[in-house]
Amino acid sequence: MNKKLLGDRVLIEPDKEQKTSSGIVIKKDEEMGDFMTGIVKEVGVGRQTDYGFVIKPSVSVGEKVLFQYGKKIKIEDKIYLVVSDADIIRIM
């Protein structure tokens, strides 16, 4: 069985600590609010339009991203977040 993400979903490994570019650790509740950063681990094939075209996600595996929403899942004892490509705000 071939396991892969469907649609425009993105699997992200969240950062354990949120840091500024100068290395200052930021607690999630303070400055960042609900925003999180993490590394893209897997990307779905894209979202299909009503006309049959596929719009590919805008991120690639290995990129660090800033995002707001995600569903927590556990794969092989590791916690990941699954987000829609539209919920990714920035490539860091």
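The values are calculated or read from the model by the stated rules, or taken from the named source; none is laboratory data. Note that this is a predicted model, so its numbers are computed, not measured. When we count neighbours, we look across all protein chains shown, and the Cβ atoms used for this are built from the backbone with ideal geometry, even at glycine. Heavy atoms of the whole protein, side chains included, go into the accessibility calculation; ligands, DNA and RNA do not. Shrake-Rupley method; radii C 1.70, N 1.55, O 1.52, S 1.80 Å.
Summing charges over all other residues whose Cβ lies under 11 Å from the Cβ of Glu13, with Lys and Arg as +1 and Asp and Glu as -1, gives +2.
Using the Cβ of Lys78 as centre and a radius below 13 Å, the other residues enclosed give a net charge of 0, where K and R count +1 and D and E count -1.
Estimated at the nearest 10 Å², the accessible area of Met36 is 40 Å² with a 1.4 Å probe. Along region 83-92 the Karplus relation, 6.51 cos²θ - 1.76 cosθ + 1.60 evaluated at θ = phi - 60°, assigns HN-Hα couplings of 10, 7, 3, 5, 8, 7, 8, 7, 8, 7 Hz to successive residues, with x for each Gly and Pro.
Less than 5 angstrom separates the built amide H of Gly7 from those of Val45, Gly46, all sequence-distant by 5 or more or on a different chain.
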